[in-house]
1. Within region 91-106, does at least one residue satisfy the condition of being touching a helix residue (DSSP H, G or I) at 6+ places or on another chain (Cβ under 7 Å) and without any contact (Cβ under 8 Å) to a residue 40 or more places away in the chain?
2. Return yes when Val66 is of a type in the set (A, V, I, L, M), closer than 25 Å to Gly23 by Cα and in a loop (DSSP other than H, G, I, E, B) and no when it is not.
3. Would you be able to say whether some residue in region 81-91 is at pLDDT 95 or above, crowded, with 16+ Cβ neighbours inside 10 Å, closer than 19 Å to His22 by Cβ and not hydroxyl-bearing (Ser, Thr, Tyr)?
4. Just to be sure, is Gly63 assigned by TED's automatic domain parsing to the domain that holds Ile15, within 18 Å of Leu26 (Cα to Cα) and out of contact with any Asp or Glu (no Cβ under 6 Å at 6 or more places or on another chain)?
5. Which of the residues that make up region 253-284 are over 19 Å from Pro197 (Cα atoms), in a loop (DSSP other than H, G, I, E, B) and either at pLDDT below 95 or in contact with a Leu (Cβ under 7 Å, 6 or more places away or on another chain) (or both)?
6. I'd like to know if region 216-231 contains one or more residues that are among the polar types (S, T, N, Q), farther than 28 Å from Glu84 by Cα and loosely packed, with under 14 Cβ neighbours inside 10 Å.
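The values are calculated or read from the model by the stated rules, or taken from the named source; none is laboratory data. Bear in mind that the values here come from a model prediction, so they are computed numbers and not experimental data. Every residue, glycine among them, receives a Cβ derived from its backbone with ideal geometry; neighbour counts consider all protein chains shown.
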Amino acid sequence: MSGFLHREDFSLGPISIDWIEHGLYLGSLAAAKHIPTLVKYKITHILTIDTVPLPRNILELPGVTVKFIQLADQPKEDLLSYFEDTYNFIDEGIKEGHVFVHCYFGVSRSATVVLAYYMKKYKLGFAEALEKVKKRRSIVHPNYGFVAQLKLYHQMGYNIDKNNPQFKMFRLGNAADTVRKVKVLPPNFFDLIKPDPGRTQTEPNPNVYRCKKCRRVVASENNLLTHKNKGKICTKTYFIEPIAWMNVTHSVQGKLCCPKCQAKLGSYSWIMGCQCPCGVKVAPAFYLTPSKVDFSNVVKNVEMTF
């Protein structure tokens, strides 16, 4: 339709490619689509982080391996979850030839991936890695969301730790952004819904929270999410991960009732969050009211509870 602007309506700008270190280059889409440039720098591997893949004439180049990650340059996009894959692609590519990492301008998305690679390879913090990479490509400037993801990557020891509380909140935040738009939790976030600790498990956590009224197990210690004092659990409100018994995939907010006796135990909200009495706002929020549950140190007998 003539009334709309399309990607092709925008200029790619000048061909831009910079050498970062042996076998690694960072640059723009214009460079990735320019075959003479790829030949000049002997590129054997191309890593594309963009909303659309490269054209077929590039994808079908003999002797060139291409990896595509579909992602927009938006602060709330999840690039962190790809860091292990991108590190391995770059690492293996350098062993075999020359790797070119690009997005549209070679400023934010692709720069973030190269920074993550640099941080892990040389065990650097974000600021150190940024300083070194900017010496090779001065226009590098990840958006603030990607900066936060790089800093979290550093905190997790350059590995994606799914049990890390901050990583859990990061992914829940991404899920909440999607729920805000479509009003349901998409399947690619279903892994955020944790198994019901009140049902039989092979190795149940001995530290659990029970409904004060009927004693049904509703959460384990592993389900708790910290929100203050560097990892310490706040006892004013128990913020937890979403659990299977909650049925929170098809509504944006509601009450959390015991699945056995239906007593109200707390509430949840994907979009509004909750203000803890300690002063910290948690969003999204799934919480149990301390007066409605009891903490149990030992599970003497885990049985099927409905």
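1. Looking only at region 91-106, we keep the residues that are touching a helix residue (DSSP H, G or I) at 6+ places or on another chain (Cβ under 7 Å), and these are 99-104.
Going one step further and asking which of them are without any contact (Cβ under 8 Å) to a residue 40 or more places away in the chain, we end up with none.
Checked against the condition, which is being touching a helix residue (DSSP H, G or I) at 6+ places or on another chain (Cβ under 7 Å) and without any contact (Cβ under 8 Å) to a residue 40 or more places away in the chain, region 91-106 yields no hits at all.
2. Working: of a type in the set (A, V, I, L, M): yes; closer than 25 Å to Gly23 by Cα: yes; in a loop (DSSP other than H, G, I, E, B): no.
Considered against the rule, which asks whether it is of a type in the set (A, V, I, L, M), closer than 25 Å to Gly23 by Cα and in a loop (DSSP other than H, G, I, E, B), Val66 comes out as no.
3. Checking region 81-91: at least one residue is at pLDDT 95 or above, crowded, with 16+ Cβ neighbours inside 10 Å, closer than 19 Å to His22 by Cβ and not hydroxyl-bearing (Ser, Thr, Tyr).
4. On the way: assigned by TED's automatic domain parsing to the domain that holds Ile15: yes; within 18 Å of Leu26 (Cα to Cα): no; out of contact with any Asp or Glu (no Cβ under 6 Å at 6 or more places or on another chain): yes.
Judged against the criteria, Gly63 is not a match.
5. Matches in region 253-284: Ile271, Met272, Gly273, Cys276, Pro277, Cys278, Gly279, Val280, Ala283, Pro284.
6. To start, the set of residues in region 216-231 that are among the polar types (S, T, N, Q) comprises 220, 222-223, 226, 229.
In the following step, the residues that additionally are farther than 28 Å from Glu84 by Cα were identified as 220, 229.
Cutting the leftovers down to loosely packed, with under 14 Cβ neighbours inside 10 Å gives us 229.
Within region 216-231, one or more residues are among the polar types (S, T, N, Q), farther than 28 Å from Glu84 by Cα and loosely packed, with under 14 Cβ neighbours inside 10 Å.
Quick grid of which residues meet (1) polar (S, T, N, Q); (2) in contact with a Pro (Cβ under 9 Å, 6 or more places away or on another chain):
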residue: Leu24; (1), (2): no, no
residue: Lys42; (1), (2): no, no
residue: Leu54; (1), (2): no, no
residue: Ile58; (1), (2): no, no
residue: Lys67; (1), (2): no, no
residue: Ala72; (1), (2): no, no
residue: Thr86; (1), (2): yes, no
residue: Gly93; (1), (2): no, no
residue: Arg109; (1), (2): no, yes
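To keep it simple, each residue is scored yes or no on (1) in contact (Cβ under 8 Å) with a residue 24 or more places away in the chain; (2) within 12 Å of the chain's Cα centre (by Cα).
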{"site": "Lys76", "(1), (2)": "yes, yes"}
{"site": "Val114", "(1), (2)": "yes, no"}
{"site": "Met119", "(1), (2)": "yes, no"}
{"site": "Lys135", "(1), (2)": "no, no"}
{"site": "Lys162", "(1), (2)": "no, yes"}
